[in-house]
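**Q** Once you've had a glance at the structure underneath, I'll fire off some questions.
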Amino acid sequence: MEESLIPKLDNRWLTWAAFVEETKRVGYLAGPMVVVTLSQYLLQVISTMMVGHLGVLPLASSAIAISLATVTGFSLL
């Protein structure tokens, strides 16, 4: 039988301990997803910032290339 995430309570009120336990369980699942999403976003930001030091034209072209890669390449991953 599957274990429920929130334990059954007699008085039907959610306790602080049950809330903390639920948050820990969800955090174990959501933590890696948050790290991957932030890493992908920061990769694009850092790349844009580094190219921005080269000039306006390289910055514009890299911004277009990064947005196209985001729409086509990262969505396939």
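The values are calculated or read from the model by the stated rules, or taken from the named source; none is laboratory data. All values derive from a computational prediction rather than experimental measurement. Here the Cβ is made from the backbone with ideal geometry for all residues, glycine too, and neighbour counts use every protein chain on show. To get the accessible areas, we keep the full protein, side chains included, count just its heavy atoms, and leave off ligands, DNA and RNA. Shrake-Rupley method; radii C 1.70, N 1.55, O 1.52, S 1.80 Å.
**Q** Whole-Hz Karplus ³J(HN,Hα) for region 54-64, in order, using 6.51 cos²θ - 1.76 cosθ + 1.60 and θ = phi - 60°, x for Gly and Pro?
**A** Here the 3J(HN,Hα) series is 7, x, 6, 5, x, 5, 5, 5, 6, 5, 5 Hz.
**Q** Can you tell me the FRET efficiency between LEU59 and TYR28 if r is taken as the Cβ-Cβ distance and R0 is 25 Å, rounded to the nearest 0.05? Can you show the working numbers first?
**A** Numbers: r = 40 Å, r/R0 = 1.59.
The calculated FRET efficiency here is 0.05.
**Q** A follow-up question, please. If I model a spin label as a point 7 Å beyond the Cα along the Cα-Cβ vector, how far apart are those points for THR48 and SER67 in nm?
**A** Between THR48 and SER67, the simple spin-label model gives 0.9 nm.
**Q** Any idea of VAL35's accessible area? Nearest 10 Å², probe 1.4 Å.
**A** It works out to around 90 Å².
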